[in-house]
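Q: I am attaching a structure below and will ask some questions about it afterwards.
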Amino acid sequence: MSLKILLSGAKGRMGSAIQSISSDHGCTVSYPIDLGDKPEDGIEHCDVVIDFSLRDATLSLAQLAKEHNKPMVIGTTGHSKEDRHAIEQLSHFIPMVWAGNFSTGVNLLFFLTQQAAKVLDLNSGFDPEVIEMHHRLKKDAPSGTADRLLEILKESRNASDKDVSHGREGMPGERKVNEIGSHALRGGDIVGEHTVMFAGMGERIELTHRATDRVIFAAGALKAAKWVVNQPANLYSMQDVLGLTA
Ligand code: NAD
């Protein structure tokens, strides 16, 4: 039987991509909503909620999903820390896959970055930098994917937000040992590119993923939707969906 989806952000780029391939994945977007529509009118007849809208819309939708006991897949990025925390709390009641990037390749990039960061640790003499590029219409920076890559690097180096240097300018001084660089480039129609660079003395390693079609995110989100309906309440990543654990 086809999985019935409430899709928020249905008129957007990702919403359109999901609707264009949903039937190929055994799913039906039975309740597409966008700005101004009422999710409460259709949620009861859906098996799962998918959110690719705007960061300010996610929390209330997640609260509604909890009230109706519906699993949720969240693709929207750029949430405030407070919203993020409040949304995460709801995963104690409903299963939730939350991923800044649903592509298989990017989740492999997360896995490889975890592995590389273990070897190229604080004592290795390698300096990590994250570089991301997106289309000119993207509203948030750094991207959700870059945020996750920065998190992986922070975790492996016992670093905190204050160790991350976003887009240096002026006279930032010499690079600190525990510094992690972050750079967001914007322009044209770039779907999404992420590079993690570990720069050492005399050598440099770069792990790069390039997305050329946003259908990869749509396919991943539908895969996550089919997976999450069979899971107990918890917060899951796309690495959990793909079975990629470090
Ligand atoms: P978009 O601007 O093309 O579409 C967003 C849609 O959401 C618009 O149609 C807008 O009208 C609608 N919207 C705004 N407020 C709403 C509300 N309160 N309720 C319902 N709908 C509302 O953006 P996009 O490129 O489709 O991206 C959407 C989100 O997904 C962004 O946060 C983006 O960063 C993220 N994204 C995530 C992934 C991933 O793999 N996780 C991939 C691509 C984009």
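The values are calculated or read from the model by the stated rules, or taken from the named source; none is laboratory data. Bear in mind the structure is a predicted one, so any value in this text is a computation, not a measurement. FYI the Cβ positions are ideal-geometry reconstructions off the backbone, even for glycines, and counts take in every protein chain you see. The area values use the complete protein model at the heavy-atom level, side chains included, leaving out ligands, DNA and RNA. Shrake-Rupley method; radii C 1.70, N 1.55, O 1.52, S 1.80 Å.
Q: Pick out the one residue from LEU122, LEU112 that is modelled with pLDDT of 95 or more, open to solvent by 50 Å² or more (accessible area, probe 1.4 Å) and not assigned by TED's automatic domain parsing to the domain that holds MET72. Don't jump to the end; show me each part of the working.
A: Values: LEU122 fails: modelled with pLDDT of 95 or more.
When all the criteria are applied, what remains is LEU112.
Q: Okay, moving on. Can you name the condition, by its number, that SER30 falls short on among (1) closer than 16 Å to VAL73 by Cα; (2) within 8 Å of the ligand (Cβ to nearest atom); (3) among the small types (Gly, Ala, Ser)?
A: Unmet for SER30, out of (1) closer than 16 Å to VAL73 by Cα; (2) within 8 Å of the ligand (Cβ to nearest atom); (3) among the small types (Gly, Ala, Ser): (2).
Q: Restricting attention to the range 216-235, and to residues there that are over 15 Å from the mean Cα position of the chain (by Cα) and of a type outside the set (Gly, Ala, Ser), which single residue is surrounded by the most Cβ atoms within 10 Å (Cβ to Cβ)?
A: The extreme case among them is VAL228.
Q: For the range 188-217, give me the residue count where each residue is within 16 Å of the ligand (Cβ to nearest atom) and not in a loop (DSSP other than H, G, I, E, B).
A: Looking only at that region, the number is 9.
Q: Now for a different question. When you look at ARG214, is it free of Cβ contacts under 8 Å to residues at least 40 places away in the same chain and of a type outside the set (A, V, I, L, M), yes or no? It would help to see each step written out before you state the result.
A: Working: free of Cβ contacts under 8 Å to residues at least 40 places away in the same chain: no; of a type outside the set (A, V, I, L, M): yes.
The answer is no for ARG214.
Q: Can you name the residue in the range 7-24 that is more than 8 Å from the ligand (Cβ to nearest atom) and either within 22 Å of ASP41 (Cα to Cα) or of a type in the set (Lys, Arg) (or both) and, of all such residues, is surrounded by the fewest Cβ atoms within 10 Å (Cβ to Cβ)?
A: Only one residue tops the list, namely GLN19.
Q: Quick one: in the range 59-97, which of the residues that are within 9 Å of the ligand (Cβ to nearest atom) and assigned to a helix (DSSP H, G or I) is farthest from GLY12 (Cα to Cα)?
A: Taking the candidates together, the pick is SER60.
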